[in-house]
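Reviewing the structure listed below.
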Amino acid sequence: MLIHRRFAGETLNRTATKTEEHQAVPCVSPCSPWLKVCLAVLGMVTLVSCSRGTVTIVVPSQLKTTPSAPSEVPLPDNAPLPHIDAKRAFQYTREVTAFGPRYMGNENHKKLERYILDHLKGDQVEDDAFTADTVEGKFPVRNIIAKFPGAKDGIIVIMGHYDTNYPLRNIGYVGANDGGSSTAILLEFANQLRGKKRDGYSVWLVWTDGEEAVKSWSDTDSLYGTRHLAEKWEKDGTLKKIKALMVMDMIAPTDLAILRDTNSTPWLLDLIYAAAERGGYQSHFYGLQGGEEDDHIPFVKRGVACADVIDVPYGYNDVFHHTPQDTMDKLSPKSLQIVGDTTLETIHLLDQR
Ligand SMILES: [Zn+2]
């Protein structure tokens, strides 16, 4: 995901310390005049420079989600709160990370594709494979889709990327959180969905490829897999059936703090918050607010209800993000539990809408 939109609690005027390959993108939503005015009027934000490598917005940690209209969040029912097997999800994260750098088309990436498919044996699995023409040459891209049918007409999509960064291929970067945790939690969701009759909507899990830039993040150098998939689903009519789409990205740090992403759909963020509250997890959600560019964007642009579930900054001053320090010791099964349980409960709430 895009690096330059970083938020640091009440620490103002922080300048990003890294010269990230992502920083060439102009600020969009966090710096829009409308947003500046709204947040400034509310007294909730201090605006800082919107140029490259600087933090764009800081929101006090007291800011939580806005309350939903009663109709948006179904009343609690008697269904027990769902739980993922977080130990297993953490073990998946460890195994995925152990493959090493997993950029598009390299040997480790191929091994990981096989690993994902091996864990989906017996499931309904589809490929969305193509060749991306990039500034660094041609790369094979492969989105992997597992479909779990439901009785209701409509689809809930959960996605997370499994690639790591091509520009970081020679520095010992292994992407435990960024790429590892998203791959793993989707595998655990598959375990939870497999073999169960679904009264609600169909759930599709998508391991996305080519999320990361091959050189420098821009509209054309990023999100290769999801830009292709969104276009394909627009053409074949799938997009119209999607009730909600949630992206999992960097969701396992020990000090889990999920950003309220201003590029996401507010009612869906509110539903996720309601689900988190039911598990007693709400303190991990939406203390910070800002706009992220991630795999949801190609779908947001096409009018799909989307939520980016992401924890940024990663480590103090974002020091672990896209560095060799993104390793297993920064992560915790408890965080996977929080995000996993909350996502499953969100699916349950969506099924009732
Ligand atoms: Zn990344």
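The values are calculated or read from the model by the stated rules, or taken from the named source; none is laboratory data. As the structure is a computational prediction, the values presented were derived from the model and not from experiment. Using ideal geometry, Cβ is built from the backbone for each residue, glycine included, and neighbour counts are taken over all protein chains shown. Areas reflect the complete protein model, heavy atoms only, side chains present, ligands, DNA and RNA absent. Shrake-Rupley method; radii C 1.70, N 1.55, O 1.52, S 1.80 Å.
Based on this model, can you work out whether ARG114 counts as open to solvent by 30 Å² or more (accessible area, probe 1.4 Å), over 23 Å from LYS215 (Cα atoms) and not in a loop (DSSP other than H, G, I, E, B)? Working first, answer last.
Working: open to solvent by 30 Å² or more (accessible area, probe 1.4 Å): yes; over 23 Å from LYS215 (Cα atoms): yes; not in a loop (DSSP other than H, G, I, E, B): yes.
Yes, satisfied.
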I'd like the full set of residues that are among the small types (Gly, Ala, Ser), more than 16 Å from the ligand (Cβ to nearest atom) and more than 19 Å from THR265 (Cα to Cα), limited to region 232-253.
GLY237
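Does any residue of region 215-223 turn out to be aromatic (Phe, Trp, Tyr) and crowded, with 24+ Cβ neighbours inside 10 Å?
Step one: of region 215-223, the residues aromatic (Phe, Trp, Tyr) are 217.
Filter once more, so that each one left must be crowded, with 24+ Cβ neighbours inside 10 Å: none.
No, the conditions are met nowhere in region 215-223.
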State which residue pairs qualify: first residue assigned to a helix (DSSP H, G or I) and inside region 324-353, second residue among the charged types (D, E, K, R) and crowded, with 21+ Cβ neighbours inside 10 Å in any location, beta carbons under 8 Å apart, and separation of 6 or more residues or different chains.
SER335/ASP311; LEU336/GLU188; GLY340/GLU188
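What are the residues in region 133-171 that are farther than 30 Å from GLY237 by Cβ and either within 13 Å of the ligand (Cβ to nearest atom) or modelled with pLDDT under 95 (or both), if any?
THR164, ASN165, TYR166, PRO167, LEU168
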VAL339 fails exactly one of (1) β-branched (Val, Ile, Thr); (2) open to solvent by 10 Å² or more (accessible area, probe 1.4 Å); (3) away from the ligand (no atom under 16 Å from the Cβ), namely (2)
Among all residue pairs at least 6 apart or on different chains, which show Cβ distances below 9 Å where the first residue, located in region 171-188, is open to solvent by less than 10 Å² (accessible area, probe 1.4 Å) and among the charged types (D, E, K, R) and the second is more than 10 Å from the ligand (Cβ to nearest atom) and assigned to a helix (DSSP H, G or I)?
GLU188/ALA86; GLU188/ARG88; GLU188/ALA89; GLU188/TYR92; GLU188/LEU336; GLU188/GLY340
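Could you tell me how many of the residues in region 239-265 are among the β-branched types (Val, Ile, Thr), open to solvent by less than 10 Å² (accessible area, probe 1.4 Å) and farther than 26 Å from LEU331 by Cα? Please lay out each step first, then the result.
Applying the first criterion (among the β-branched types (Val, Ile, Thr)) to region 239-265 yields 242, 247, 251, 254, 258, 262, 265.
Within this subset, residues satisfying the condition of being open to solvent by less than 10 Å² (accessible area, probe 1.4 Å) are 247, 251, 258.
Now narrow it down to the ones that are farther than 26 Å from LEU331 by Cα: none.
Final tally of qualifying residues: 0.
Kindly indicate whether ARG142 is part of a helix (DSSP H, G or I) and at negative phi. Before the answer, list the steps.
Values: part of a helix (DSSP H, G or I): no; at negative phi: yes.
It is false that ARG142 is part of a helix (DSSP H, G or I) and at negative phi.
Do we have ARG198 as in contact with a Phe, Trp or Tyr (Cβ under 7 Å, 6 or more places away or on another chain), within 16 Å of the ligand (Cβ to nearest atom) and open to solvent by 10 Å² or more (accessible area, probe 1.4 Å) here?
Values: in contact with a Phe, Trp or Tyr (Cβ under 7 Å, 6 or more places away or on another chain): yes; within 16 Å of the ligand (Cβ to nearest atom): no; open to solvent by 10 Å² or more (accessible area, probe 1.4 Å): yes.
So ARG198 does not fit the description; no.
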